[in-house]
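The values are calculated or read from the model by the stated rules, or taken from the named source; none is laboratory data. Worth saying up front: this structure is predicted, and the values here are computed from it rather than measured. Here the Cβ is made from the backbone with ideal geometry for all residues, glycine too, and neighbour counts use every protein chain on show. Each accessible area value is taken on the protein alone, full model and side chains, heavy atoms only, with ligands, DNA and RNA left out. Shrake-Rupley method; radii C 1.70, N 1.55, O 1.52, S 1.80 Å.
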Number of protein chains: 2
Amino acid sequence: MQKIRLGIVGYGNLGRGVQLAAAQNNDMEVAAVFTRRDPSAVKTVLPVRVEKYEAMKDYVGKIDVMILCGGSATDLPVQSAEIVQLFNTVDSFDTHAKIPEYFEALDAAAKKTGHIGAMSIGWDPGLFSLARIYFGAALADGNTYTFWGKGVSQGHSDAIRRVAGVKDARQYTVPVESALERVRNGENPQLSTREKHTRECFVVAEEGADLKRIEKEIKEMPNYFADYDTTVHFISEEELQKNHSGIPHGGFVLRSGKSETDSKFLMEFSLKLDSNPEFTSSVLVAYARGVYRMHKEGKTGAVTVFDIAPKYLSPLDEGEQRKQLL
Amino acid sequence: MQKIRLGIVGYGNLGRGVQLAAAQNNDMEVAAVFTRRDPSAVKTVLPVRVEKYEAMKDYVGKIDVMILCGGSATDLPVQSAEIVQLFNTVDSFDTHAKIPEYFEALDAAAKKTGHIGAMSIGWDPGLFSLARIYFGAALADGNTYTFWGKGVSQGHSDAIRRVAGVKDARQYTVPVESALERVRNGENPQLSTREKHTRECFVVAEEGADLKRIEKEIKEMPNYFADYDTTVHFISEEELQKNHSGIPHGGFVLRSGKSETDSKFLMEFSLKLDSNPEFTSSVLVAYARGVYRMHKEGKTGAVTVFDIAPKYLSPLDEGEQRKQLL
């Protein structure tokens with residue numbers, strides 16, 4: 001069988017994860033990694049050819065789907081519309097407010113040369129989006145709730161690191177258990193930001209830094225912490241390395257609703273992930289399979305998880321899917 | 001806006017549920033109910049025209065999707081291939097071993113006249129099948145588990161009623177909590193039938209019946225009870241009516257697995273349903289929307305939940321789906 005030939009653009013946590021996830025799928029192989037760093041300086045977890053970003057164009061016809069592993073802030077908005085003109089792409093764009101314009105740009109670029117650009121793939125956006133759309137369709141009269149965590153928020157950890165006197169930090173987003181229980185009990189509560197999640201910060205301070213001031217600055221930081229109940233723990237660098245070096249995450253999507261005769265229904269989807277980037281990568285790889293198959297059927301343009309029928313994702317053929325999974 | 005015109009074939013718990021679910025969706029209307037009983041004897045929960053089964057052919061062009069609410073044993077295998085030649089159809093066929101042949105027959109019949117026949121729609125098969133296919137695709141190295149309950153099994157309740165001396169009965173399928181916990185802990189256990197579920201029976205005996213013999217016959221019944229730890233409670237008819245007249249159900253699909261670097265992942269989907277038929281109906285109605293839209297795009301033949309992209313199910317248009325749900 002001809003394997004699906006993947007390319008990986010960008011080799012951080014996500015790129016590494018894609019390489020590892022592809023190794024778990026017999027119908028996939030990674031043809032090359034593309035980097036804007038010096039290729040000889042990139043150490044990969046498994047053997048693979050590492051190329052300069054610009055060498056990509058030499059791989060047209062040799063790669064079926066390019067998985068874009070850059071960040072949503074600056075990398076993806078530029079790269080995706082460029083690369084999708086040469087290859088089918090999959091990315092994990094997650095700047096929620098910019099999804100509509102990103103979709104339009106990707107769609108136009110992809111259609112120019114007849115490729116597919118799959119965007120916002122991962123677990124949220126991604127699998128959690130699927131839960132929201134399926135749950136909402138299956139149960140018209142109800143409320144949908146999304147909770148995140150317990151898990152590390154990279155953005156919030158970075159925000160703490162920018163506070164003067166902070167050497168390093170790790171921030172956990174924690175769902176409020178009692179709020180989850182209220183949803184599960186069918187109360188259909190209106191929950192404020194503060195009622196849904198708390199924020200727990202583990203901070204390594206510079207020697208002699210004013211801890212009271214650091215704590216105050218963190219807790220009052222607008223957007224990031226001011227609207228939450230935030231706890232700050234000062235710990236040693238050793239403790240941070242020992243107990244907080246992982247990147248776990250997860251969360252819950254729930255929909256609670258009722259029928260016309262007031263029968264109550266609860267739908268719940270949850271994830272518990274030791275490694276956020278490794279799981280996201282695993283989803284990206286499954287969708288690369290979907291993109292490959294849909295492109296073979298003649299589909300082009302931008303797509304999200306909403307546009308891709310589940311049959312395209314499974315390594316099983318359609319008959320086996322019905323036999324084993326239906 | 002032109003509403004999607006539904007027909008309901010068969011008016012038991014499921015047909016009633018479809019009528020109620022359609023009332024919760026602004027883009028739907030029920031044009032008629034078709035029955036093999038005397039139409040004047042059918043009391044509907046909401047006002048609707050009730051027609052003889054044979055009158056269906058007069059509704060060609062007046063109904064967009066026919067929802068088949070008969071049973072899987074004898075009704076659906078005959079009706080679906082007949083009706084799909086006149087209308088698009090949605091059904092909840094759930095005889096698992098016969099799915100491949102049912103699919104082939106439905107597919108051939110649907111393609112004769114260019115309709116879509118959506119089969120095995122509901123929550124299992126249906127939403128649980130979706131969880132199994134998405135989870136398996138997203139996490140290549142892992143094990144998937146399905147648990148059912150706590151809920152009423154109609155088939156097992158009927159089996160008890162066939163025991164001599166039994167007047168009425170209700171059987172609950174109950175997932176074994178400790179087995180669920182082992183899966184959630186990432187143990188990837190091999191679980192026997194007995195280890196996954198217990199069966200709890202509430203039995204109303206005829207006056208003077210030999211309770212010991214009834215209990216023994218139930219517990220030793222092959223296929224239904226012999227492979228399970230079964231509990232039998234004898235109760236009065238009043239108690240059965242008072243405490244066991246509902247048809248609740250639910251269950252869990254879990255997948256536990258790991259990355260190449262041994263990061264562990266747990267995916268879990270669960271349902272808790274006051275009324276099994278009302279929820280199944282609600283899913284049938286959402287898929288009627290999907291069938292209607294896919295048929296407009298020119299799709300024909302048999303389809304399952306695996307073939308239908310989620311975008312077709314949501315009442316929102318695609319731009320709003322991306323904005324609100326992605």
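Things to note:
- Helical content alone sets the calculated 222 nm signal of chain A at -10000 deg cm²/dmol, taking -39,500 (n - 2.57) per DSSP H segment of four or more residues and averaging over every residue.
- Taking a ≥ b ≥ c as the square roots of the eigenvalues of the alpha carbon gyration tensor, the stretch A:1-108 is prolate, as a/c is not under 1.5 and a/b beats b/c.
- For the peptide B:138-145, the mean number of other protein chain Cβ atoms found within 10 angstrom of a residue's Cβ is 5.
- The mean number of Cβ atoms from other chains found within 10 Å of a Cβ in peptide B:296-306 is 3, as a whole number.
- Highest mobility in the GNM of chain B, judged by mean-square fluctuation with C-alpha springs under 10 Å and restricted to B:Val48, B:Val18, B:Val90, is found for B:Val48.
- In this assembly of identical copies, the label point of B:Met1 (Cα plus 7 Å along Cα-to-Cβ) is separated from its counterparts by 4.1 nm, sorted shortest first.
- Neighbouring partner chain Cβ atoms per residue of A:270-276, average, 10 Å criterion: 6
- The Cα center of the stretch A:156-198 and the Cα center of the stretch A:61-99 differ in position by 30 Å.
- Label point distance in nm, B:Glu318-A:Ser236, each placed 7 Å from Cα along Cα→Cβ: 5.8
- Shape of the stretch A:213-326, Cα gyration tensor, a/c cut at 1.5: prolate
- Phi to ³J(HN,Hα) by Karplus 6.51 cos²θ - 1.76 cosθ + 1.60 over the stretch B:230-239, Hz, x for Gly, Pro: 10, 10, 10, 10, 8, 9, 7, 4, 5, 5
- Plainly put, the tip 7 Å out from Cα toward Cβ on B:Leu191 is 2.6 nm from that tip on each other copy, the closest given first.
- When B:Pro47 is represented by a point 7 angstrom out along its Cα-to-C-beta vector, the spacings to that point in the other copies are 7.8 nm, nearest first.
- Distance from the Cα centroid of the stretch B:112-155 to that of the stretch B:267-326 is 13 Å (rounded to whole angstrom).
- If only the Cβ of Lys and Arg carry +1 and only the Cβ of Asp and Glu carry -1, the dipole of the protein assembly as shown around its Cα centre is close to 980 debye.
- Fluctuation leader among A:Lys62, A:Lys216, A:Lys112 - chain A, Gaussian network, Cα springs under 10 angstrom: A:Lys216
- Where the stretch A:30-94 is the region considered: accessible area per residue in Å², 1.4 Å probe: 47
- Computed 3J(HN,Hα) for the stretch A:90-99, one whole-Hz value per residue from the Karplus formula 6.51 cos²θ - 1.76 cosθ + 1.60 where θ = phi - 60°, is 9, 9, 10, 3, 9, 7, 4, 5, 9, 4, glycine and proline marked x.
- Surface burial for A against B, with a 1.4 Å probe and both sides summed, reaches about 5600 Å² of accessible area.
- Between A:Ala159, A:Ala97, A:Ala109, the Gaussian network model of chain A with springs among Cα atoms under 10 angstrom shows the greatest mean-square fluctuation at A:Ala97.
- The phi torsions of the stretch B:131-145, fed into the Karplus equation with coefficients 6.51, -1.76 and 1.60 and a -60° offset, translate into couplings of 4, 4, 6, 5, 4, x, 6, 6, 9, 5, 9, x, 10, 9, 10 Hz, rounded to whole numbers, with Gly and Pro shown as x.
- Dipole check for chain A: with +1 at the C-beta of Lys and Arg, -1 at the C-beta of Asp and Glu, and the Cα centre as origin, the magnitude is about 640 Debye.
- Database remark: amide H of B:Asp229 closer than 5 angstrom to the amide H of B:Arg199 (H placed geometrically; neighbours at sequence offset of 5 or more, or on other chains; Pro and chain starts carry no H).
- The protein assembly as shown: C-alpha gyration tensor shape, a/c 1.5 cut-off, then a/b vs b/c: prolate
- Computed magnitude of the charge dipole of the stretch A:55-157 (debye, nearest 20; Cβ of K, R +1, Cβ of D, E -1): 100
- Note on the stretch A:1-48: along the principal axes its Cα atoms extend 34, 16, 15 Å, ordered by decreasing extent.
- Listed residue pairs exceeding 24 Å between alpha carbons, taken from A:Lys98/A:Lys272; A:Lys111/A:Lys296; B:Lys167/B:Lys272; A:Lys150/A:Lys219; A:Lys258/B:Lys242: A:Lys98/A:Lys272; B:Lys167/B:Lys272
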